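K.L.:
My questions will all concern the structure given below.
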Amino acid sequence: MDRITPSHRAFIALGSNVGERVEMIEKACLEMDRAGVKVRRTSSLFETAPMYYLDQEPFMNGACEVETTLEPLELLDVLQSIELGLGRKKLIDKGPRSIDLDILLYDQQVFSHDRLNIPHKLMLERDFVLRPLSQLIPHEIPPLPNHKATYLSHLQFLPPPSPNPMATTYISPNFPPLRATDPFRRTHIMAILNLTPDSFSDGGKHSPATTDLSTLTATVKSFIASGASIIDIGGESTRPGSAPVGADEELRRIIPAIRHIRTSIPEAANVAISVDTYRARVAEEALAAGADIINDVSAGTLDPEMLPTVARTGKSIILMHMRGTPSTMTKFTSYPNGVVADVSTELLSRIAAAEDAGIRRWRIILDPGLGFAKNMPEDLTILKELQTFRTGVQGLEYFPWLVGPSRKRFVGKLTGVEKASERVWGTAATVSASVAGGADIVRVHDVKEMWQVARVADAIYRGVPDSGPGS
């Protein structure tokens, strides 16, 4: 009879301050998986100031939960082998390093050896270790004699670090990281590029059947000149009651546009391309063509292969709250516990699903889903209470948030403006409210006008100094 090797739960600290820090940490996670040390969950990544040896670049720090059959010293050997394979050279004690992998915890064991001590020494005194660990196991208690305080309690007891650690969400090497905890961050403008004949607001304007690549080029250049840093490309309408078109048609609409933007518009080199789709096949081909982000209105519920596909590509994803499908969502607008509580709970479940699929926490952006399975009272409450999502719900901290209020139905109801394309002024108010509530990205049709609104709102609510489009 075969002997079953027991599985153990361990927590590994992740750190890097040389080169492309996030990419190095992602490579380390992949190498752990390849070595049979399964990465189950990751924390956010935090940019933190160096300690001890101060003449070095800031670190990117995080933590991950792993499953392993290795004993502690065997696990240490594997981690040190990964460090060496990724180019780590220890020249200065506590000095610069391309990758740093430290065992923090191993089950609930206390382990002491010349090479390794578990729990990791001083971990309860170091914000850059304790903060990411407290994301993963906030209410667990360290395996120390007569110890009763949780990891989260220890974190809350520490003096605030200076400067504050910046939670970092990664898009691509050419796009600045999103720093959801930076009080002086700028709001990114996501320009909507619908390549559909039937979108509720601008259907047909940029459809492949009615436009050519020169027109597409002019539109994209105009978006960028007006301040857009992300372009969201859609090949199927998700308006209420819309009918699906199928993956083949969706791909026919969007792939030529993605390739054209990436290969023929130099101004777009540092602009992120997002693709608005809920189909895994479309996502995979769009990312291969040059897209950076998948914007899934269903947060992975409409195609079971979506989250594993994004995880496999290593790209970023926007998880939006919706119930049902675009054609049925108007039937699911009851929120017994209040829209903030119920949307938070349902988004937390989608985050967990994304993590189970292998998507890193620093690759996730959240969207409360204005207008999707929500009526006007819910939409207004979300805008009013956006800060609660960001800082008042355990498990949603540190994520960047996208808000998409542009030309929405509730704006038309409030203003009496029936034609969606004329809802600019009402949209302006919602964009300002989004910035006040802490949005990191606003998704809009009227790029030039909403860039102006966001810049003024940034100055009012975040103290961001004035500068021109694209900055």
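The values are calculated or read from the model by the stated rules, or taken from the named source; none is laboratory data. As the structure is a prediction and not an experimental result, all values here were calculated from the model. Neighbour counts run over all protein chains shown; Cβ positions are idealised from the backbone, glycine included. With ligands, DNA and RNA removed, areas are computed over all heavy atoms of the protein, side chains included. Shrake-Rupley method; radii C 1.70, N 1.55, O 1.52, S 1.80 Å.
K.L.:
Expected output is a single nm value to one decimal: the length gained when fully extending between Glu23 and Arg40, i.e. 0.36 nm times separation in residues minus the C-alpha distance. What is it?
P.N.:
The span from Glu23 to Arg40 would gain 4.3 nm if fully extended.
K.L.:
Could you work out how far apart the two model spin labels at Glu305 and Asp342 are, taking each label as a point 7 Å from the Cα in the direction of the beta carbon, and quote it in nm?
P.N.:
Using points 7 Å along Cα→Cβ, the separation is 3.3 nm.
K.L.:
If only Cα atoms are counted, what is the Rg of segment 391-471, and what is its Dmax, in Å?
P.N.:
When restricted to Cα atoms, segment 391-471 yields Rg and Dmax of 13.6, 40 Å.
K.L.:
Could you check the simple spin-label distance between Ile460 and Ser327, using points 7 Å along Cα→Cβ, in nm with one decimal?
P.N.:
Spacing of the two 7 Å Cα→Cβ label points: 4.2 nm.
K.L.:
Something else now. Just to check I understand the Karplus step: with θ = phi - 60° and J = 6.51 cos²θ - 1.76 cosθ + 1.60, what whole-Hz values come out for segment 222-231, glycine and proline as x?
P.N.:
Result, rounded to whole Hz: 5, 4, 5, 4, 8, x, 6, 10, 9, 10.
K.L.:
Taking amide H positions as placed in the peptide plane 1.01 Å from N, state which residues far from Ala63 in sequence (5 or more) or on other chains have amide H under 5 Å from it.
P.N.:
Leu14, Ser43
K.L.:
Using the basic label-point model (7 angstrom from Cα toward the beta carbon), what is the Asn174 to Glu125 distance in nanometres?
P.N.:
Label-label distance for Asn174 and Glu125, simple model: 4.6 nm.
K.L.:
HN-Hα J couplings of segment 149-160 from phi, Karplus 6.51/-1.76/1.60, θ = phi - 60°, integer Hz, Gly and Pro as x?
P.N.:
Using θ = phi - 60°, the values come out as 7, 7, 4, 5, 4, 4, 4, 5, 7, 5, x, x Hz.
K.L.:
Stretch Ser334-Ser264 to full length: gain in nm at 0.36 nm per residue minus the Cα-Cα span?
P.N.:
Full extension of this stretch gives 20.5 nm more.
K.L.:
May I pose another question? For Arg253, what accessible area in Å² do you get when you roll a 1.4 Å probe over the heavy atoms of the protein chains, rounding to the nearest 10?
P.N.:
Looks like 20 Å² after rounding.
K.L.:
Another question, if that's okay. Please list the non-local residues whose amide H lies under 5 Å from the amide H of Asp276, H modeled 1.01 Å from N, same-chain partners needing a gap of 5 or more.
P.N.:
It is Ile233, Gly234, Gly235, Asn295, by chain and number.
K.L.:
Filter the chymotrypsin sites (Phe, Trp or Tyr not before Pro) in segment 1-74 to those in DSSP coil with at most 14 other Cβ atoms within 10 Å of their Cβ, and list the result.
P.N.:
Loop-located and lightly packed - Tyr52, Tyr53.
K.L.:
Turning to a different aspect of this structure: In whole Hz and in residue order, list the ³J(HN,Hα) couplings for segment 408-419 that follow from phi through the Karplus curve 6.51 cos²θ - 1.76 cosθ + 1.60, θ = phi - 60°; x for Gly and Pro.
P.N.:
Per-residue couplings from phi come out as 5, 4, 5, 5, x, 5, 5, 9, x, 8, 6, 6 Hz.
K.L.:
Starting from 0.36 nm per residue, how many nanometres of slack lie between Leu144 and Lys413 once their C-alpha separation is accounted for?
P.N.:
Computed gain between Leu144 and Lys413 is 90.9 nm.
K.L.:
Continuing with the same structure: Efficiency by 1/(1 + (r/R0)^6): what FRET value for Arg9 and Ala49, r their Cβ-Cβ distance, R0 = 22 Å, to the nearest 0.05?
P.N.:
0.15
K.L.:
Of the listed pairs Lys121/Lys148; Lys38/Lys315; Lys331/Lys413; Lys374/Lys448, which have alpha-carbon separations greater than 25 Å here?
P.N.:
Over 25 Å apart, Cα to Cα: Lys374/Lys448.
K.L.:
Follow-up question, since we're still on this one. What are the trypsin sites (Lys or Arg not before Pro) within segment 104-142 that DSSP puts in a loop, where the Cβ has at most 13 other Cβ atoms within 10 Å?
P.N.:
Details: sites: Arg115, Lys121, Arg126; in loops: Arg115, Lys121, Arg126.
Listed in order of number, the matching sites are Arg115, Lys121.
K.L.:
In square angstrom, rounded to the nearest 10, how much accessible surface does Tyr461 have for a 1.4 Å probe?
P.N.:
120 Å²
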